[in-house]
1. Can you spot a residue in the stretch 497-511 that is part of a loop (DSSP other than H, G, I, E, B) and within 29 Å of CYS58 (Cα to Cα)?
2. Within the stretch 437-461, count every residue that is part of a loop (DSSP other than H, G, I, E, B) and surrounded by fewer than 17 Cβ atoms within 10 Å (Cβ to Cβ).
3. Starting from the stretch 19-30, take each residue that is farther than 12 Å from LEU342 by Cβ and hydroxyl-bearing (Ser, Thr, Tyr) and list its partners that are open to solvent by less than 10 Å² (accessible area, probe 1.4 Å) and part of a strand (DSSP E or B), counting only C-beta distances under 6 angstrom and pairs at least six apart or across chains.
4. Would you check if VAL30 is of a type in the set (Val, Ile, Thr), out of contact with any Ser or Thr (no Cβ under 9 Å at 6 or more places or on another chain) and either open to solvent by less than 60 Å² (accessible area, probe 1.4 Å) or under 21 Å from GLN7 (Cβ atoms) (or both)?
5. Please enumerate the residues belonging to the stretch 56-78 that are part of a loop (DSSP other than H, G, I, E, B) and more than 23 Å from GLN341 (Cβ to Cβ).
6. Pick from the stretch 530-561 the residues that are among the aliphatic types (A, V, I, L, M) and part of a helix (DSSP H, G or I): which of them is surrounded by the fewest Cβ atoms within 10 Å (Cβ to Cβ)?
7. Which of (1) within 25 Å of VAL487 (Cβ to Cβ); (2) out of contact with any helix residue (DSSP H, G or I) (no Cβ under 7 Å at 6 or more places or on another chain); (3) of a type outside the set (A, V, I, L, M) is the odd one out, the single condition GLU209 does not satisfy?
8. If we only count strands (runs of 3 or more DSSP E) wholly inside the stretch 129-223, which ones have 3 or more residues that are open to solvent by less than 40 Å² (accessible area, probe 1.4 Å) and either among the small types (Gly, Ala, Ser) or touching a residue at least 60 places away in the same chain (Cβ under 8 Å) (or both)?
Amino acid sequence: MSSTDKQRWVLGISASHNGSVCLLHGDQIVVAIQEERLSRFKRHRTYGKGPSLATGYCLNYAGIEPSELDLVVLCVQGRLSDEVHDIALDPFLNIRSHGVPTLAIPHHYGHALSAFATSGFDESAILIVDGAGSPVTDFTVEEQKILNGHSDDGWETISLYYGAGTSVTPLEKHVVDRGAWLMMYDGEMPSFGSLGGMFSAAAQQIFGEASEAGKVMGLAGYGKPEFASSDFFEIEHGSFKFKDTVPLQFRHDQRWPHAAPEYEALAASVQAALETALLYLVQHLRELCRSRNLCYAGGVALNSVANERLIRESGYENVYIMPAAEDSGAAVGAAYYGLWQLTGHNSRWRLPHDALGRTYCSTEISSALSTFSNLEVVRSTNVVSDSVELLCDGKIIGWFDGGSELGPRALGQRSILCDPRSPDAKATLNRRVKMREAFRPFAPAALLEEAPQWFEFGGSTPESPFMLRVCEVKPEKKDQVPAIVHVDGTGRLQTLTRETNGRFYELVKQFYDRTGVPMLLNTSFNRMGQPIVETPADAIECLLSSELDCCVFEDRIVFKK
C-alpha cells in the first residue's frame, strides 16, 4: 500500500471453538486476541452474531468506533448459514446501521491466509491440517472443484494451497463425510475421520478430554509405538481411509494414570502415525506445486515433534509455521483477506513475534495492584538484574511484559520462568504451580546465537522463534539443564534475539552471563485448565492462587505478604 493510500481499518473474526478477533490498520496488525483470554473460559466458542469481548477489546485499544471500520471479514468453523453466525446481528458492531461492508470465508481458507500473509514469502506452498473446518457448501467455487473424493455433506480436514501475491489458490481438499471427524462412544475410544480427530480420539481415551491433544504429544515420549500407522489409516488413491482397528482395542473407560503402559504405547503410536501422514502430505504437495517455501497451519500444526520432521525432511528450503496455528489464527487470515480485497497489495510482511495483544501502561498496572491488599510491591532500579538474582536463588517467577501472545505458547510476554539447572524444578512446577500431570515437559527459551552449542538441529536452521519445534539436547549438556529435558532427551525450543524479544532476551542474556547457561525454563503463565493470563489482575490472581514466588511488572517485583 502506498503512503498516499488510505490506511484501511479491517476487522477479522474467527468464529470457532477458539474464537478470536484481529484488527488491521493498513497492512499492520494493531491488536489481536483470543476470546478465552478475556472471558477466562478456556477454548471459548464464539459466533458470528456475537457478542464478543474480543471485538470490543480490539476497537477500544485502537480508539475507534465500529462505524470507522472499512470492512469486517468473518471466518467460521462450522456452517456459515447457521443463524448464530449472522454477523448483521452482532449488537456491538451494528453492521447495518453503520453501513460497514462484510465478507465471509471458509475455515481452512482463513488458516491458509493467516500463514501466507504473515510468512513474508512472495509465494509458497501451503498445508492446512486440523479436525474439521467448513462444509463443502461453504467452500469457494475454486475449492469445490478440487475435492479429493466427493461428498455432498463433506467437511474439510486437509487442504493444500498455493499462495502468490494476494491470491491463495486451492490445489486439493480432503473431506470427511457429514463432518464425522470424531465419533464419541460412552466410555470407549472414539472413532475418527481426520488426522486431527485421530489425535483427539487418543486424548479422549487417555485423559477423558478430546481437546487435550498436546498431552498426548508429551506422553508419546515415554512409550514405543505398538500400533502401525496402517492400523490408524490407509492411503488409497491419494485419499485417507481411517480405520477402527485401534479404537476397538480400547473398549474400557480407564483414564490416566490408570493403564499407563498401554497409554504410553498408544500415544507413541498415534504420534508416529501422524508423522507418517504429514510427510506423505508434504511430499504430495511438492508434486502439485513447485516452491522452495512451505506455510503450515491448522490445529495439527501445534504438534512440535512432527513439525521438526517437516523442517528437516520435507524438502522445502524454508518452512514457516503460523504461531497461532489453531483457530485463533484464522482471524488474522480473515483480516488480511479483507485488506487484499480492498487494496490488491501484499506487502510481504513477516510476523516477527507473537505479541499481538494490547499493552498495559504503568497506571493500569498500579490500579490492578491497588485492588489487592495482601501484596508486597518492591520497586527495582534494575528489574532484569534483580530477576536474575531471584532465578539463581531458585525462585519461580511470573513474567508479565508487553502484549500477550495470540497463539497458545507463552513466548516471554505471559510466562512463568525458573532456573533450568534445578533437577527438582519440573516436579515442583507441575505439582505446586501448574497443578498438572507429572509427565508434562517444560520448554527452554534460549539465546539464538548460543542454541547450536546446546541443541541438535540436524543441518537445519537453529531458528525457532515461536516454540513450534522440538530438538534433541546435546548429550553432554543434558545434565546441566535437567528441568527442560524431556524423557526422550528433547526440548521444545524457543530461540531469542535482542531485536525481537527485547527485555526477555536481556533477562536470559544476563542469566547466561551469570551462570554460563543461555536459557531459562519457560512455561505459560496459568494454572492447568485456565487460559493464559491477559491482564495485570489475572497475573496477580494466579500469583495468589499458586505457589509462584513473585511476579514481575515493568520496574516492580510483586510478592505475596
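1. Checked the stretch 497-511: at least one residue is part of a loop (DSSP other than H, G, I, E, B) and within 29 Å of CYS58 (Cα to Cα).
2. 7
3. These pairs meet every condition: SER20/SER14; SER20/GLN34.
4. It is true that VAL30 is of a type in the set (Val, Ile, Thr), out of contact with any Ser or Thr (no Cβ under 9 Å at 6 or more places or on another chain) and either open to solvent by less than 60 Å² (accessible area, probe 1.4 Å) or under 21 Å from GLN7 (Cβ atoms) (or both).
5. Of everything in the stretch 56-78, just one residue is part of a loop (DSSP other than H, G, I, E, B) and more than 23 Å from GLN341 (Cβ to Cβ), namely GLY63.
6. LEU544
7. Result: GLU209 passes all but (2).
8. 154-164, 167-177
The values are calculated or read from the model by the stated rules, or taken from the named source; none is laboratory data. Bear in mind that the values here come from a model prediction, so they are computed numbers and not experimental data. Reconstructed Cβ throughout: ideal geometry from the backbone, glycine too, with neighbour counts over all protein chains shown. Side chains included, ligands, DNA and RNA excluded: accessible areas come from the protein's heavy atoms. Shrake-Rupley method; radii C 1.70, N 1.55, O 1.52, S 1.80 Å.
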